[in-house]
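Derivation of every value follows stated rules applied to the coordinates shown; laboratory data play no part. Since we're looking at a predicted model, the values are computed, not measured. Methodologically, a virtual Cβ is constructed for each residue, glycine included, from the backbone with ideal geometry; neighbour enumeration extends over all protein chains shown.
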Amino acid sequence: MSTIDDIQIQQIVQRVLKQLMGLAQPATFPVNTPLATEMAPGSSRQSGARKVVAIGADHGGFELKETLKADLSGMGLDVNDVGTYSKAAVDYPDYAHEVAKLVSSGKAWRGIMIDGAGIGSCIVANKVPRVRAGMAYDYSSAVNSREHNDTNVLTLGAGLIGVNLAKQIVKTWLSTEFGGERHARRVEKISVVEKVYLK
């Protein structure tokens, strides 16, 4: 019996999901392609500017953050690391808030926050106006959070997923487009609820 590597597993999962759920396969992108330079609708940055991804972690996510930073840079993205910068114990809300603020203000295109489980950071990030954070733990949740919810912050649980799965989730999340149509109406309703409580 032969073993299956991560790439083969990803391909199998993509085929199954596409067949069963009618999901479009997310686009893949090699290094230094338009992913790093394409502009989101309504962006105020100048044409040709590289996209910025804010990334943060608590002590439980520090090592995974360092690994993902190198991958993000390799994709042609600018990385804004808000910390933490060691494995010394810190509080995840401080770093999740910093990532979310950068996305909310438009200083970052997307944000990634890593803690032990990904749940607490997701809660914190969703308190910041204009942030739609989603926790992903596999290929399907990464696709769904982008395609259906237009998430702009991804949270990961370093204690729950391995490095290879985290890399796959990040690449999938960054390359999956928002589905629009019926999903746009639902995302707009999220914004309406948010505005009620911003008064």
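General remarks:
- Low-density loop cleavage sites - chymotrypsin sites (Phe, Trp or Tyr not before Pro) in region 74-158, where at most 13 other Cβ are within 10 Å (DSSP): Tyr85
- For region 133-199, the set of GluC sites (Glu not before Pro) satisfying both a DSSP loop assignment and a count of at most 15 other C-beta atoms within 10 Å is given as Glu177, Glu181.
- With contacts taken as Cα pairs under 8 Å at a separation of at least 6 residues, region 50-197 carries a relative contact order of 22 percent.
- Whole-Å semi-axes of region 50-197's equivalent ellipsoid (Cα gyration tensor): 23, 17, 14
- Pairwise FRET efficiency - Ser73 versus Arg130, Cβ, R0 = 25 Å, nearest 0.05: 0.45
- Using the Cβ-Cβ distance between Lys189 and Leu160 with R0 set to 30 Å, the FRET efficiency from 1/(1 + (r/R0)^6) comes to roughly 0.50.
- Gly83 sits among other residues whose Cβ lies under 10 Å from its own Cβ, and their net charge, with Lys and Arg +1 and Asp and Glu -1, is -3.
- Extended-chain gain in nm, criterion 0.36 nm per residue less alpha-carbon gap, Tyr85 and Ser140: 16.8 nm
- Summed residue charge, Cβ within 15 Å of Arg186's Cβ, Lys/Arg positive, Asp/Glu negative: 0
- Looking at region 88-155, the trypsin sites (Lys or Arg not before Pro) that sit in a DSSP loop and have at most 16 other Cβ atoms within 10 Å of their own Cβ are Lys107, Lys127, Arg130.
- Local charge for Asp115 was computed over the other residues whose Cβ lies under 14 Å away, with Lys and Arg +1 and Asp and Glu -1, and equals -3.
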